[in-house]
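Here is the structure we will look at, set down as structure tokens.
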Amino acid sequence: MEILEAVARTGHLSEPLKHTKQPIVTGTSVLAVQYADGIMMAADTLGSYGSLAKYKDLRRVRAVGSSTLIGASGEYSDFQHIISMLNDANTADFCEDDGCFLGPDNIFHYMTRVLYQRRNKQNPLWNTLVVAGVKQDGEKFLGVVDNIATAFQDKFIATGYGEYIAMPLLRTGWEENMSEAKARALLETCMRTLYYRDCRTINRISFAKVTKDGPEVAEPISLQTKWDYELFARPKAGADTDGSW
């Protein structure tokens, strides 16, 4: 009866708001470092459904436009929505035909405003985004923004569990104007360590880079791992066992 009365008053049946209350299929850490020629980014390809390792080939690092990479932790469907938004924005920008194009700094500030607006609507996009690129003047850009629009720029960045596990390795291993090979080796070390310690990751890793020539996302590779460390084989007493063996 209440529903019929509501229809009579308003002329239509109102439905409850359908907001995503929490992430469902999620990805974990994204890492990025500046090096001499550009910026390199890495992320694994696992999509976790709670504690279930459900999807093994979710690509969480994408090229956007002609000069930008974007990587995402968090809800994968929200990331797909963001990529669709950015592709539409780049198409509209191209159609203006004014010689100006969205650079990584433009995309970074745009996503900061979008995420802030969605947060204020109590309907956030459940992602932490890493935006990397090379601007038209050749300056390298690397920034991160989370689902409540906390944003900053830095020389190296880690999201998710990587903020705790990989950041100390990045602080120790990063060098100003380091070579591409050193940047790749540093990211491999960090991703391998995360695979050992993070229960929501796998050793299938996507590496990508962006230089003045544009973004390049490589096919995922499987990192070589080592499990016969002494502390893995015989944990310290009181850690994972009672020490009786």
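The values are calculated or read from the model by the stated rules, or taken from the named source; none is laboratory data. Since the model is a prediction, treat every value here as computed from it, not as a measurement. All Cβ positions, glycine included, derive from the backbone under ideal geometry; neighbour counts span all protein chains shown.
Restricted to the range 36-46, and to residues there that are surrounded by 21 or more Cβ atoms within 10 Å (Cβ to Cβ) and small (Gly, Ala, Ser), the residue that is farthest from GLN22 (Cα to Cα) is GLY38.
Of all residues in the range 120-147, those satisfying the criterion of being over 25 Å from ASP213 (Cα atoms) and of a type outside the set (A, V, I, L, M, F, W, C) are ASN120, LYS121, GLN122, ASN123, PRO124, ASN127, THR128, ASP146, ASN147. For VAL130, the criteria (1) part of a loop (DSSP other than H, G, I, E, B); (2) buried (at least 18 other Cβ atoms within 10 Å of the Cβ) hold in every case but one, which is (1).
Restricting the first member to the range 93-107 and to residues that are assigned to a helix (DSSP H, G or I), and the second to residues that are among the aromatic types (Phe, Trp, Tyr), the beta-carbon pairs closer than 7 Å and six or more apart or on different chains are ASP93/PHE101; PRO104/PHE141; ASP105/PHE141.
Collect the residues in the range 175-200 that are out of contact with any Gly (no Cβ under 9 Å at 6 or more places or on another chain), assigned to a loop (DSSP other than H, G, I, E, B) and more than 12 Å from PHE156 (Cβ to Cβ), keeping them in residue-number order. Within the range 175-200, ASN177, SER179, CYS199 meet the criteria.
For LEU102, indicate whether it is within 15 Å of the chain's Cα centre (by Cα) and either hydrophobic (A, V, I, L, M, F, W, C) or modelled with pLDDT of 95 or more (or both). Give the steps one after another, and end with the answer.
Working: within 15 Å of the chain's Cα centre (by Cα): no; either hydrophobic (A, V, I, L, M, F, W, C) or modelled with pLDDT of 95 or more (or both): yes.
Criteria not met by LEU102.
Remark: pairs (first residue in the range 211-237, without any contact (Cβ under 8 Å) to a residue 24 or more places away in the chain; second residue exposed (fewer than 10 other Cβ atoms within 10 Å of the Cβ) and small (Gly, Ala, Ser); Cβ separation under 9 Å; 6+ apart in sequence or on different chains) = TRP227/ALA233; LEU231/ALA239; ALA237/SER244. Checked against the criterion of being among the polar types (S, T, N, Q), on the phi < 0 side of the Ramachandran plot and not in a loop (DSSP other than H, G, I, E, B), the candidates THR172, THR225 yield just one match: THR172. When the range 65-76 is limited to residues that are surrounded by 20 or more Cβ atoms within 10 Å (Cβ to Cβ) and modelled with pLDDT under 95, the one that is farthest from VAL33 (Cα to Cα) turns out to be GLY65.
For the range 63-80, name all the residues that are in contact with a strand residue (DSSP E or B) (Cβ under 9 Å, 6 or more places away or on another chain) and in a helix (DSSP H, G or I). Those that are in contact with a strand residue (DSSP E or B) (Cβ under 9 Å, 6 or more places away or on another chain) and in a helix (DSSP H, G or I): TYR76, SER77, ASP78, PHE79.
Every listed requirement among (1) modelled with pLDDT of 90 or more; (2) assigned to a loop (DSSP other than H, G, I, E, B); (3) exposed (fewer than 15 other Cβ atoms within 10 Å of the Cβ) is met by LEU58 save one, (3).
Within the range 122-165, track down each residue that is polar (S, T, N, Q) and touching a residue at least 60 places away in the same chain (Cβ under 8 Å).
Taking the range 122-165 first, the residues polar (S, T, N, Q) are 122-123, 127-128, 136, 147, 150, 153, 159.
Listed by number, the residues that qualify are GLN122, ASN123, THR128, GLN136, ASN147, THR159.
Consider the range 182-233. How many of its residues are among the aliphatic types (A, V, I, L, M) and either more than 16 Å from MET41 (Cβ to Cβ) or crowded, with 19+ Cβ neighbours inside 10 Å (or both)? Number satisfying all stated conditions: 11.
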